[in-house]
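Right, one structure below, let's go through it.
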Amino acid sequence: MKIIEAKVIVTCPSRNFVTLKIVTDEGIYGIGDATLNGRELAVVSYLEDHLIPCLLGKDASRIEDIWQYFYRGAYWRRGPVGMTAIAAIDVALWDIKAKAANMPLYQLLGGRSRDGVMVYGHANGNTIEETVEEVGRYIDMGYKAIRAQTGVPGLSSTYGVSKDKLFYEPADANLPSENIWSTTKYLNSVPKLFETLRDTYGYDHHLLHDAHHRCTPLEAAQLGKSLEPYKLFWLEDAVPAELQEGFRLFRQHTTTPIAVGEVFSSIHDCQQLISEQLIDYIRTTIVHAGGISHLRRIAHLAELYHVRTGFHGATDLSPITMGAAVHFDTWVPNFGIQEYMRHTEETDAVFPHDYRFEEGVMKVGEKPGHGVDIDESLAAKYPYKPAYLPVNRLEDGTMYNW
Ligand code: CS2
Ligand code: MG
């Protein structure tokens, strides 16, 4: 089965998405997500100028060999741009193989381990009262797990609090907008949010929180300890994880479960975190961590150390990634939870799919492949729009983590 065409489709229904479509000489095609929020065109060029010329003519059935060819062959290994490009090829080839076998992707991976995959939604508000109300809305929508983010008193903006409640898109300007941050103000306000949520709704629902890379290990330890009474499902991205051993200081002080990894692009970014059991959930995602072939390696390593999956699933990951992730989640033995930020109607129209949300879980479809397609003529109606993620400064002007 020869690859005779590979093209990159850039579209912007509500936000930018990059898609790779691979066509074979047997008329079967597959699609993969290549979206890297705020750096989309870097991946477009990496694919069009460097990978696609080497891809044409290859045997589409040789998924692993092609993955190794582009990983080892790049010489300059790892990193979000290269691994997102490789991921797009990998997912498109798995889509093709499953279609050729006439089976849904989860069957090709090893069959069902569960009927539905538990997902969590994003509730946010400018104040604790607004956020508590939003969490109630997600409970009414049937969610069993809800992430809660709220404004920080004294700060004009913060991560995770959006203008539009249901659809949070952080890439909000054609040049980076500047946010101001204070970890002290943040640490003083978060525990009150979860105390209020537990007082209001009790302990029947999972609550999650994303600290979005804003703490040092000691600050994360303080935060984790302060949240222990509220029994979070996880505290996410509390510390930037370049220094994996830094999580030892965080881990030793708190029993609040730890999740990290949405910005990771390979197993090497999390090997120590997993093997030293410094985390409970790994957040790597199909689109940014080398595709299904590499994510399987990460999930198998995690399984050895009691670490479960908790894949990233924000709106800047296309429905292709969501579809492939729900297949992966349906199979993977050490499944934890799947993030599910709803895409807009325009996005869903460009990417028709058969996964569906039912009473707090996501159900996978039975169509051959990952069950997601792209409507190219509709995609063409939404040209690329430059959009940057915000940057963050401390109150004294110091550049900080967004
Ligand atoms: C967030 C994301 O969903 C999450 O956990 O960390 O919204 C993240 O900010 C975006 O994906 C960045 O593009
Ligand atoms: Mg996050």
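What follows draws every value from the coordinates through simple rules; no lab data is involved. Note that the structure is predicted; figures quoted are calculated from it, not measured. Counting neighbours? That spans all protein chains shown, and the Cβs are built from the backbone with ideal geometry, glycine included.
Relative to the longest principal axis of the Cα atoms of the chain, helix 217-227 runs at roughly 70 degrees. The loop-placed trypsin sites (Lys or Arg not before Pro) in the range 168-270, going by DSSP, that have at most 16 neighbouring Cβ atoms within 10 Å of their Cβ come out as K231.
Tell me, what is the percent relative contact order of the chain, built from C-alpha pairs under 8 Å that lie six or more residues apart? Provide the component values of the computation, followed by the final result.
Numbers: 906 pairs, mean separation 92.7, N = 402.
After rounding, I find 23 percent.
The dipole here belongs to the range 3-104: it is taken about the Cα centre, uses +1 on the Cβ of Lys and Arg and -1 on the Cβ of Asp and Glu, and is about 280 debye.
Could you work out how much longer the chain between R62 and K163 gets when fully extended? Use 0.36 nm per residue separation minus the Cα distance between them, nm to one decimal.
31.8 nm
Evaluate the relative contact order of the range 264-402 (contact order divided by residue number), counting alpha-carbon pairs under 8 angstrom at least 6 apart; express in whole percent. Write out the running numbers ahead of the final one.
Details: 185 pairs, mean separation 24.3, N = 139.
Relative contact order comes out at 17 percent.
In this structure, V391 and H268 have a Cβ-Cβ separation that, at R0 = 22 Å, corresponds to a calculated FRET efficiency of about 0.25.
Using only the alpha-carbon atoms, how far is helix 319-331 inclined from the longest principal axis of the chain? Give it as 0 to 90 degrees, nearest 10. With both axes taken from Cα atoms, the answer is about 80 degrees. Relative to the longest principal axis of the Cα atoms of the chain, the long axis of helix 63-73 lies at roughly 70 degrees. Ranking I267, T285, W331 by Cα position along the charge dipole of the range 252-331, where only Lys, Arg, Asp and Glu carry charges on their C-beta atoms, puts W331 farthest toward the positive end. The overall shape of the range 306-402, judged from the alpha-carbon gyration tensor, is oblate: a/c is not under 1.5, and a/b is no greater than b/c.
Would you calculate, for the chain, the mean residue ellipticity at 222 nm contributed by helices, counting each DSSP H stretch of 4 or more residues as -39,500 (n - 2.57) and dividing by all residues, to the nearest 500?
Calculated from helices alone, the mean residue ellipticity at 222 nm is -10000 deg cm²/dmol.
Sorted ascending by nearby beta carbons within 10 Å, beginning with the fewest, Y203, Y400 become Y203, Y400.
Going through the range 305-377, which chymotrypsin sites (Phe, Trp or Tyr not before Pro) have at most 14 other Cβ atoms within 10 Å and a DSSP loop state?
Nothing satisfies the criteria.
How would you classify the range 3-104 from its alpha-carbon gyration tensor, with a ≥ b ≥ c the square roots of the eigenvalues: rounded for a/c under 1.5, else prolate if a/b is greater than b/c, otherwise oblate? Could the numbers behind the result be given before it?
Details: a/c = 1.81, a/b = 1.22, b/c = 1.48.
Note, shape of the range 3-104 comes out oblate.
Return the whole-Å distance between the Cα centroid of the range 55-86 and the Cα centroid of the range 298-314. The range 55-86 and the range 298-314 have Cα centres separated by 23 Å. Taking all Cα pairs closer than 8 Å and separated by 6 or more residues, the relative contact order of the range 69-150 comes to 22 percent.
Could you give the distance between the Cα centres of the range 229-291 and the range 146-163, to the whole Å? Each part reduced to its Cα centre gives a spacing of 22 Å.
Taking other C-beta atoms within 10 angstrom as a stand-in for reagent exposure, H213, H50, H312 fall in the order H50, H213, H312, fewest first. The convex hull around the C-alpha trace of the chain, projected and averaged over every direction, spans 18.0 square nanometres.
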